Amino acid sequence: MSTLLLVEDDEALGLAIEFSLKNEGYEVVKASSVKEAKHQFDHHTFDLIILDIGLPDGNGYDLCLHFKERSDTSVIFLTALDEEANVVMGLDIGGDDYITKPFRVKELMSRVKVQLRKQAHSESSSMILTSENIKIDMNLVKVYKNLDSISLTNLEYKLLLMFMMNANKALKREELLLHITEGAEVFFDENTLSVYIRRLRDKVEDDPKNPQFIITQRGLGYRWSKEVSRE
């Protein structure tokens with residue numbers, strides 16, 4: 001199930017869009033301000049962002065820049081501004097699509113599906129992830145540190161992949177547990193997760209007691225703190 005962030009300060013319109021998206025099977029997290037949107041973005045992993053331009057405490061252009069500096073998640077702009085200059089600005093700063101109000105729900109749903117397909121294709125075609133001296137070759141299912149291959153268990157590999165594909169985003173313990181145990185016929189709890197985090201740090205960190213990659217987010221979970229590039 002794809003998770004979408006909907007940033008819209010018009011309550012009635014926001015509820016209508018949320019209802020339509022959920023009816024299509026998407027999970028939706030709503031925000032009505034720049035501050036709230038940033039908070040949600042920092043605490044969830046999203047597959048797509050639907051972003052209004054006019055917000056009570058800022059504008060969608062600046063918010064889009066904030067998102068794009070931290071993630072390559074697709075952004076669809078929603079706005080009543082349909083002048084060419086506004087469209088160009090939105091696309092130039094990293095927006096992936098632009099739809100003007102009023103719009104038909106079917107058109108929005110169609111554009112959402114297009115962006116999610118593009119996102120999925122982009123992720124599947126990016127087979128090598130690199131973060132400083134750590135590299136994952138997803139095609140060969142191998143991990144390298146300083147160009148030397150390192151041995152990871154299947155669960156350690158899944159955990160590292162989850163971190164690097166969501167670089168700079170705080171991941172809740174529940175998210176991580178769900179990801180690494182998917183399809184596994186074993187029981188895991190937060191203590192077990194802590195053990196796997198420690199083992200992974202032992203293998204990828206130069207100083208596991210002073211980690212630079214896998215950072216603990218107090219009261220929440222963990223975060224991969226370095227930039228990741230895709231090839």
> Under the condition of being farther than 15 Å from Glu132 by Cβ and open to solvent by 70 Å² or more (accessible area, probe 1.4 Å), which residue from the range 211-231 is modelled with the lowest pLDDT?
Replying inline: Gly219
> What tally of residues in the range 92-102 results from selecting those that are more than 16 Å from Leu48 (Cβ to Cβ) and not basic (Lys, Arg)?
Replying inline: 4
> Among the residues of the range 194-206, is any of a type in the set (Phe, Trp, Tyr), under 23 Å from His44 (Cα atoms) and at pLDDT 85 or above?
Replying inline: yes
> If you scan the range 148-174, which residues turn out to be exposed (fewer than 15 other Cβ atoms within 10 Å of the Cβ) and modelled with pLDDT under 90?
Replying inline: Thr153, Asn154, Glu174
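The values are calculated or read from the model by the stated rules, or taken from the named source; none is laboratory data. Given the structure is predicted, the values throughout are model-derived calculations rather than measurements. Virtual Cβ from ideal backbone geometry, glycine too; neighbours counted across all protein chains shown. All accessible areas refer to the heavy atoms of the entire protein, side chains included, with ligands and DNA or RNA removed. Shrake-Rupley method; radii C 1.70, N 1.55, O 1.52, S 1.80 Å.
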